[in-house]
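> I'd like to ask some things about the structure below.
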Amino acid sequence: MSTVKSDIEIAREAKMKPIMEIGKRLGIPEQDLIPYGHTKAKVSLSYIDSLKSKPNGKLILVTAINPTPAGEGKTTTTVGLGDGLNRIGKKAMVALREPSLGPCFGMKGGAAGGGYAQIVPMEDINLHFTGDFHAITSAHNLLSAMIDNHIYWGNELGIDTRRVAWRRVMDMNDRALREIVCSLGGVANGYPREAGFDITVASEIMAILCLSTSIADLERRIGQIVVGYKKDKSPVLAKDLKAPGAMVVLLKDALQPNLVQTLENNPAFVHGGPFANIAHGCNSVMATQSALKLADYVVTEAGFGADLGAEKFFDIKCRKAGLSPAATVIVATVRALKMHGGAAKDELKTENVEVLKKGLANLGRHIENVKKFGVPIAVAINHFISDTDAEV
């Protein structure tokens, strides 16, 4: 058997087209693409605003069975489906989340697809990309600093320092910073209190940015953030600290969707990335709504299994943004279903139809759950070379 190339080898051999050419295929004028090098660009908010009167294409959600260490391949299937639709002559694009540096340098790894179904430039997308996450980190931590600064300069709002709910963030896995004591070092550094760090993708700013539809909407939503409580337990909001204006200035470019391409040179929006376990786990409303105006078919995904990501996609993103998906794809792999049937990770390459049959109950339940939303379903088997004909 010939050696299978790794994802990074395949991505590095990609023959990418200039991003202006990708934008031209969608009908985006050059002056409305803000280039970040030759293969990445942001789309201007003024152009996105001009699309509002255009009709929507069809939205396809890609979700999956419960995740396992064996891997399911939602992003791979999303990119593959987008490329497949383009291959048969449809005007299609994909809309995905941006990867977080934490998982990229942790056990999970990158989030740009796999094999020959990847978005590129893969390494850039998985690392700093266009700086959106850094902007979100800065805006979040600006609010953190403003809270402590307000307390230092007399605490006019009467914030109870024991009930500050707003933590700090960084886009990295660092368990040593989960719980900290801040403002140590004497009178000049403020009032010591317990605090801590979350990862940037768990920031409320990330979730808000991905649900916002304009700069004004972003500022309004940020103003409603509860940062802590007074001694009488009444809430203190970000707008009470007069923080939203300064925070939005830091986020003005991050709100613009990022345009890249697949390995087959088809357009892809990659924008925003709230975690699905603590937020809604979908790419930005701005990117999805814009894609629906630019393409006839838009393939997007939601994090984790259908019981989490798809539920949040339907309940939160679709309701807040007025979206109505035309179809749902549930991704399954023979390997993962065998794990659900009781197989150990080191037994997955061995044929075992009986264990696989037991694992199918997991897929069955996800189909049952998604059907309750009244959206047509297709099951996609993400095929591995170790799968046998009997198992498939």
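> Skip the ligands, DNA and RNA, and give the accessible area per residue of the chain with a 1.4 Å probe, whole Å².
Working: 18200 Å² over 392 residues.
Dividing the accessible area of the chain by its residue count gives 46 Å².
> What does the extension gain come out to for LYS230 and ALA344, with contour length at 0.36 nm per residue minus their alpha carbon separation? Before the final figure, lay out each step's value.
Numbers: separation 114, 0.36 × 114 = 41.04 nm, distance 5.13 nm.
Here the answer is 35.9 nm.
> Is it possible to state the helix-based mean residue ellipticity at 222 nm for the chain, with each DSSP H run of 4+ residues giving -39500 (n - 2.57), the sum divided by total residues, to the nearest 500 deg cm²/dmol? What is it? Write down the numbers at each step before the final one.
Working: 13 runs with 125 residues, N = 392.
When only DSSP H runs of four or more count, the value is -9000 deg cm²/dmol.
> Among the listed pairs LYS54/LYS317; LYS42/LYS320; LYS42/LYS90; LYS349/LYS371; LYS52/LYS317; LYS312/LYS371, which have their C-alpha atoms separated by more than 22 angstrom in this model?
Values: LYS54/LYS317 20 Å; LYS42/LYS320 24 Å; LYS42/LYS90 24 Å; LYS349/LYS371 32 Å; LYS52/LYS317 18 Å; LYS312/LYS371 15 Å.
The answer is LYS42/LYS320; LYS42/LYS90; LYS349/LYS371.
> Could you calculate the FRET efficiency of ASP160 with ASN277 from 1/(1 + (r/R0)^6), where r is the beta carbon distance between them and R0 is 25 Å, rounded to 0.05? Please report the intermediate quantities before stating the final value.
Values: r = 29 Å, r/R0 = 1.15.
Calculated transfer efficiency: 0.30.
> Taking the Cβ-Cβ separation of LYS54 and SER324 as r and a Förster radius of 22 Å, what is the calculated FRET efficiency to the nearest 0.05?
Values: r = 16 Å, r/R0 = 0.73.
Calculated value: 0.85.
> Related question: Can you tell me the dipole magnitude for segment 196-258 around its Cα centre, using point charges on the Cβ only (Lys, Arg +1; Asp, Glu -1), in Debye to the nearest 20?
Value, rounded to 20: 260 debye.
> ARG193: net charge of surrounding residues, Cβ under 11 Å, Lys/Arg +1, Asp/Glu -1, itself excluded? All intermediate terms of the calculation are to be shown ahead of the outcome.
Details: positive: ARG162, ARG163; negative: ASP148, ASP160, GLU194.
Result for the neighbourhood of ARG193: -1.
> If the cut-off is a Cα-Cα distance under 14 Å, which aspartates and glutamates reach LYS252, setting aside same-chain residues fewer than 8 apart in sequence?
ASP132, ASP217, GLU219
> Using a 1.4 Å probe on the protein heavy atoms, what percent of the accessible area of the chain belongs to carbon and sulfur? Let's see the in-between values first.
Working: 9820 of 18200 Å².
For the chain, the apolar C and S fraction of the accessible surface comes to 54 percent.
> Run the numbers for VAL353 and LYS252: contour at 0.36 nm per residue of separation, minus the present Cα-Cα distance, in nm. Let's see the in-between values first.
Numbers: separation 101, 0.36 × 101 = 36.36 nm, distance 5.30 nm.
That works out to 31.1 nm of additional length.
> With all protein chains present and a 1.4 Å probe, how do GLU311, GLU351 order by accessible area, largest first?
On the way: GLU311 55, GLU351 100 Å².
Of GLU311, GLU351, the descending order of accessible area is GLU351, GLU311.
> Whole angstrom only: what separates the Cα centroid of segment 324-351 from the Cα centroid of segment 1-30?
When both Cα centres are located, 28 Å separates them.
> Tally Lys/Arg at +1 and Asp/Glu at -1 over every other residue whose Cβ is under 11 Å from the Cβ of LEU337; what's the total?
On the way: positive: ARG335, LYS338, LYS357, LYS358; negative: GLU72, ASP387, GLU391.
Its environment carries a net charge of +1.
> Okay, next question. Using 1/(1 + (r/R0)^6) with R0 = 22 angstrom and r between the beta carbons of ARG87 and MET107, what's the FRET efficiency to the nearest 0.05? Intermediate results must be reported in sequence, preceding the final value.
Details: r = 34 Å, r/R0 = 1.53.
Working from the Cβ atoms, E equals 0.05.
> Would you list, by chain and number, the lysines whose Cα falls below 18 Å from the Cα of LYS230, excluding same-chain residues fewer than 8 positions away?
Straight-line reach from LYS230, under 18 Å: LYS239, LYS242.
> Take ILE180, project a point 7 Å from its Cα along the Cβ direction, then tell me which residues of segment 80-101 have their backbone nitrogen under 19 Å from it.
101
> Can you sort SER6, SER183 by solvent-accessible area, 1.4 Å probe, largest first? Present the calculation step by step, with values, prior to reporting the outcome.
Working: SER6 45, SER183 25 Å².
Correct descending sequence by accessible area is SER6, SER183.
> Here's something else I'd like to know. For LYS372 and MET20 in the same chain, what is the full-extension length gain: residue separation times 0.36 nm, less their Cα-Cα distance, in nm?
Result for the pair: 122.5 nm of gain on full extension.
> Please list, in order, the residues from segment 378-392 whose amide nitrogen is less than 16 Å from a point placed 7 Å along the Cα→Cβ vector of LEU360.
Answer for this model: 379-382, 388-392.
> Gaussian network model of the chain, Cα springs within a sub-10 Å range: biggest mean-square fluctuation belongs to which of GLY106, GLY364, GLY154?
Its mean-square fluctuation being the largest, the pick is GLY154.
> In nm, to one decimal, how far is the ILE8 label point from the ASN265 one, both placed 7 Å along Cα→Cβ?
In this crude spin-label approximation the distance works out to 2.7 nm.
The values are calculated or read from the model by the stated rules, or taken from the named source; none is laboratory data. The structure presented is a predicted model; accordingly, all values stated were derived computationally and were not measured. Neighbour counts are summed over all protein chains in view; Cβ atoms, including those assigned to glycine, are modelled from backbone coordinates with ideal geometry. Ligands, DNA and RNA are stripped out before the accessible areas are found, and what is left, the full protein with its side chains, is counted by its heavy atoms. Shrake-Rupley method; radii C 1.70, N 1.55, O 1.52, S 1.80 Å.
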